[in-house]
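Input: a single structure, listed below in structure tokens.
The values are calculated or read from the model by the stated rules, or taken from the named source; none is laboratory data. The structure displayed is predicted, hence computed values, not measured ones. Cβ coordinates were reconstructed from backbone atoms using ideal geometry, including for glycine residues, and neighbour counts include every protein chain displayed.
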Ligand code: C2O
Ligand code: CU
């Protein structure tokens with residue numbers, strides 16, 4: 001087994017094997033200047049978990065290191081050397097979602113690195129300069145791999161953060177299960193071409209719900225991650241005061257949840273929030289739930305345990321995010337439209353289904369076999385589309401950009417840009433406070449304006465409803 005594991009070694013910094021069709025031309029990252037302060041190995045593999053209750057059958061899930069949603073905590077400033085080992089029986093890669101990093105460690109097969117074959121490994125060198133709540137997941141056959149649970153949490157701690165009386169991490173994920181614990185098809189055409197294929201078994205940290213402790217009158221920091229493949233959730237809190245203090249890990253001036261439309265924060269797949277919840281002084285409990293669906297899903301109850309010495313009003317704001325600030329006046333503008341392929345807005349560049357080059361590319365990108373979606377009349381290769389689309393934009397390192405994302409489809413899309421934190425400037429529906437994020441939910445008919453300072457590399461830009469991404473709703477920016 002060991003010898004086999006060594007066979008696929010590819011060291012990130014030297015493995016610039018993007019095919020020449022992308023014409024990769026970038027200065028390689030200086031590996032020798034990177035001095036790791038922490039090292040971890042993340043081995044993807046199968047394990048059993050009882051998702052249908054303690055008396056129910058077990059399900060074969062995928063996890064890193066045999067720990068569902070393995071959670072890493074590192075201080076800000078860490079230089080992390082993370083070795084991904086592929087212990088599952090299909091190709092995979094590891095992507096650290098939301099981390100600003102050298103492009104060659106971004107984990108996108110074909111574009112930034114070769115696919116890691118079963119038994120292979122890949123070394124990621126990551127400077128963890130932004131504090132916050134992040135996560136990591138495969139970037140290959142995500143409907144299949146992330147759909148079976150392959151994901152982990154990365155918390156970058158900031159010593160300047162206020163001290164909370166309690167802190168809890170909540171990973172929300174639905175599963176598509178039959179009664180015997182085996183899987184229903186993780187994707188179905190009717191879902192992939194519309195709002196996605198939903199799971200009916202809803203979980204938080206792998207359980208139906210959790211009961212958490214916090215001192216009466218105290219402040220609880222909840223880090224909530226939507227790691228579902230499909231579901232958009234309306235996160236609300238009952239029984240206590242709550243403030244939104246960070247989005248996708250990045251601090252924003254605290255917003256009282258009750259002051260947001262409907263008293264909820266709408267969160268698509270891959271989005272995270274940090275809440276500051278003040279427990280009632282009288283010891284009564286607080287519930288946290290998804291209030292979007294007709295049947296509300298209350299996933300966490302905070303019950304009082306003990307009392308705080310000194311009561312603090314709140315909110316407990318996090319230190320201001322220190323991110324590159326886009327220069328709006330000088331910024332170059334782009335506008336991208338999210339489209340349904342059935343609108344015939346997406347160019348038909350299909351090749352005969354037996355084209356071997358098309359098949360090789362599709363296999364190395366690990367995407368679906370049908371195209372339902374596009375961005376700006378282009379689709380990420382699926383089915384028989386042989387080539388990567390040209391970059392949606394060519395940008396200059398260090399320059400500022402305003403990117404408008406327009407949704408012309410009938411479904412909402414959480415749109416994610418790799419390797420950057422962008423500032424969400426405005427929404428045509430007027431529903432979003434200004435904040436930094438790495439993923440933004442764009443509603444049907446909505447246009448959202450984002451702004452950022454471009455970092456060098458080839459970065460994908462895609463919908464994080466995994467079936468949408470795998471059926472065409474992905475493009476990329478080239479920054480030189
Ligand atoms: Cu969570 Cu392409 O990313
Ligand atoms: Cu989508």
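Residue 202 satisfies every condition listed in (1) farther than 20 Å from residue 412 by Cβ; (2) surrounded by 17 or more Cβ atoms within 10 Å (Cβ to Cβ) except (1).
Restricted to region 257-285, and to residues there that are closer than 17 Å to residue 313 by Cα and either in the same structural domain as residue 437 (by TED's automatic domain parsing) or crowded, with 18+ Cβ neighbours inside 10 Å (or both), the residue that is farthest from the chain's Cα centre (by Cα) is 279. Taking region 63-108 as the region of interest, the strands (runs of 3 or more DSSP E) fully inside it that hold 2 or more residues being surrounded by fewer than 17 Cβ atoms within 10 Å (Cβ to Cβ) are 71-75.
Before we move on, is residue 403 closer than 27 Å to residue 330 by Cβ, within 14 Å of ligand 2 (Cβ to nearest atom) and buried (at least 22 other Cβ atoms within 10 Å of the Cβ)? Outline the logic, then answer.
Working: closer than 27 Å to residue 330 by Cβ: yes; within 14 Å of ligand 2 (Cβ to nearest atom): no; buried (at least 22 other Cβ atoms within 10 Å of the Cβ): yes.
No; evaluated as a whole, the condition is false for this residue.
The set of residues in region 246-256 that are surrounded by 24 or more Cβ atoms within 10 Å (Cβ to Cβ) and either modelled with pLDDT under 95 or assigned to a strand (DSSP E or B) (or both) comprises 246, 247, 250.
Among the numbered conditions (1) at pLDDT 95 or above; (2) within 12 Å of ligand 2 (Cβ to nearest atom); (3) closer than 17 Å to residue 341 by Cβ, the only one that residue 412 does not meet is (3). Please determine, by comparing only the residues of region 423-461 that are on the phi > 0 side of the Ramachandran plot and away from ligand 2 (no atom under 16 Å from the Cβ), which one is surrounded by the fewest Cβ atoms within 10 Å (Cβ to Cβ). Here the answer is 430.
Conditions (1) away from ligand 1 (no atom under 12 Å from the Cβ); (2) within 30 Å of residue 362 (Cβ to Cβ), marked per residue:
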{"site": "414", "(1), (2)": "no, yes"}
{"site": "431", "(1), (2)": "yes, no"}
{"site": "449", "(1), (2)": "yes, no"}
{"site": "455", "(1), (2)": "yes, yes"}
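Given the condition away from ligand 2 (no atom under 16 Å from the Cβ), over 30 Å from residue 76 (Cα atoms) and modelled with pLDDT under 95, answer yes or no: does some residue in region 307-320 qualify? Yes, region 307-320 contains at least one residue that is away from ligand 2 (no atom under 16 Å from the Cβ), over 30 Å from residue 76 (Cα atoms) and modelled with pLDDT under 95.
Annotation note: Cβ proximity below 7 Å between a residue of region 356-367 that is not assigned by TED's automatic domain parsing to the domain that holds residue 141 and a residue that is assigned to a helix (DSSP H, G or I) and at pLDDT 75 or above (sequence gap 6+ or interchain) occurs for 367/470. Scanning region 257-292 for residues that are within 22 Å of residue 416 (Cα to Cα) and free of Cβ contacts under 8 Å to residues at least 40 places away in the same chain turns up 264, 265.
Listed by first and then second residue, the pairs with beta-carbon distance under 7 Å, at least 6 apart or on different chains, first residue in region 462-473 and on the phi > 0 side of the Ramachandran plot, second more than 9 Å from ligand 2 (Cβ to nearest atom) and part of a strand (DSSP E or B), are 472/374.
Any residue at all in region 372-393 that's assigned to a strand (DSSP E or B), modelled with pLDDT of 95 or more and under 30 Å from residue 227 (Cα atoms)? Within region 372-393, one or more residues are assigned to a strand (DSSP E or B), modelled with pLDDT of 95 or more and under 30 Å from residue 227 (Cα atoms).
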